[in-house]
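Please read the structure below before turning to the comments.
The values are calculated or read from the model by the stated rules, or taken from the named source; none is laboratory data. Everything quoted here is computed from the prediction, not taken from an experiment. Neighbour counts run over all protein chains shown; Cβ positions are idealised from the backbone, glycine included. Ligands, DNA and RNA are excluded from the accessible area calculation, which covers all protein heavy atoms including side chains. Shrake-Rupley method; radii C 1.70, N 1.55, O 1.52, S 1.80 Å.
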Amino acid sequence: MLEEKFTGNGKVVLLAGGGKIYTDIAARFVRSERDLEEIVASPYSRQIVQNILDSGHRAALEFDFFLFGVEGYSRVTETQLVRKRLASYLIKSGRAELNGKRSYSVVYPRSVAEFTAQVTLPDGHTASLSGHDLAEISRQWYDAGLNAGLPEEDLRYLKPQATEFKAIIGMNAHALLDWFAIRCCRNAQHEIRHLAWQMLRLSRKAAPDLFAGAGPSCVQMGYCPENKRQHSRCVGHVLTKEQAMEVLRAHGSQQTSAEDFTDQ
């Protein structure tokens, strides 16, 4: 039977992360002349963490790691997700032989499931099929292949991108801040944006000192780097990078280049 789910209902669980913060220990280690045991025994410093975030020197953030369990999202989102390589992914296998017991689950927008179009069948007849119909036909074909003895690892070639994926995702705090900057933006595809915001809310709750200022680029940087590609809902409400630079120049700030910092 087809298991049908709709975008916007994916689930994210924080499996590990938060609690003791190691960013301040890492920062102390590279700056302090004290013994390691003394550094580790020092009380946690929220100010050190804030200094790291404010300075932009985020290497120390890579010693705080977060692990998420994810389900209820489509392969469309999986494809975008793994573009972020500074992360670890363990994705539920679509290859293992389960003797037809694997659930045939799809995740897609309700509008796509309900949209109906006239199509021409191989025998020349026409039929009116919805997105749901196509997913159901795909499931029937898949089950027929299993009954015929074809391996699941071969049948999956014709599974739709709407097929649900489930995964465990690991990212350090530095990678997460970069991830949130890109995928929490309104320009991000709606399903992966939903995933990113769920991860952000869990991260803020687990480690507020690390993620209090996290969010899309405009939140972290104070302006939108998308410039002419800025989302229409943000136009007039958030300065673009070009507009922010104009404001700075109007107040007497000079524009610099890499050559200005080259030793002569």
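See the values below:
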| quantity | calculated |
| --- | --- |
| Residues of the stretch 125-159 with amide N under 11 Å of the 7 Å Cα→Cβ point at GLN118 | 126-128 |
| Mean residue ellipticity (222 nm) of the chain, computed from DSSP H runs ≥ 4 via -39,500 (n - 2.57), nearest 500 | -11000 deg cm²/dmol |
| Most fluctuating residue given options HIS132, HIS237, HIS190, as computed from a GNM of the chain linking Cα atoms under 10 Å | HIS237 |
| Mean separation of Cα contacts under 8 Å (6+ apart) over length of the stretch 1-107, as relative contact order % | 50 |
| Pair HIS190, GLN47: separation of 7 Å Cα→Cβ label points (nm) | 4.7 |
| The stretch 1-70, accessible surface, carbon-and-sulfur percent (1.4 angstrom probe) | 54 |
| Heavy-atom accessible area ranking, 1.4 Å probe, most first, across ASP178, ASP64 | ASP178, ASP64 |
| Neighbour net charge for GLY8 - beta-carbon separation under 12 angstrom, K R +1, D E -1 | +3 |
| Accessible-area order (highest first, 1.4 angstrom probe) of the listed residues MET1, MET245, MET199 | MET1, MET245, MET199 |
| Electrostatic dipole magnitude of the chain [Cβ: Lys, Arg +1; Asp, Glu -1; Cα centre; debye, to 20] | 520 |
| Heavy-atom accessible area order for TRP141, TRP197, largest first, 1.4 Å probe | TRP141, TRP197 |
| Heavy-atom accessible area per residue - the chain, 1.4 Å, Å² | 62 |
| Given charges at beta-carbon only (K, R positive; D, E negative), |dipole| of the stretch 189-247 in Debye | 200 |
| Selection from THR120, VAL13, ASN51 lying farthest towards where the dipole of the stretch 1-131 points positive, charges on Cβ | THR120 |
| Relative contact order of the stretch 143-215, pairs being alpha-carbon contacts under 8 Å that are 6 or more residues apart, as % | 24 |
| Charge dipole of the stretch 1-122 about the Cα centre (unit charges at C-beta), most positive-ward option of LEU81, SER42, SER103 | SER103 |
| Whole-Å semi-axes of the stretch 1-78's equivalent ellipsoid (Cα gyration tensor) | 39, 13, 9 |
| Net charge of neighbours whose Cβ lies under 13 Å from the Cβ of CYS224, counting Lys and Arg as +1 and Asp and Glu as -1 | +3 |
| Charge tally in the Cβ shell below 12 Å around ASP24, where Lys, Arg are +1 and Asp, Glu are -1, ASP24 excluded | +2 |
| Student exercise, the stretch 1-148 dipole from Lys, Arg, Asp, Glu Cβ charges, in Debye to nearest 20 | 160 |
| Relative contact order (%) - the stretch 103-178, alpha-carbon pairs under 8 angstrom, separation at least six | 30 |
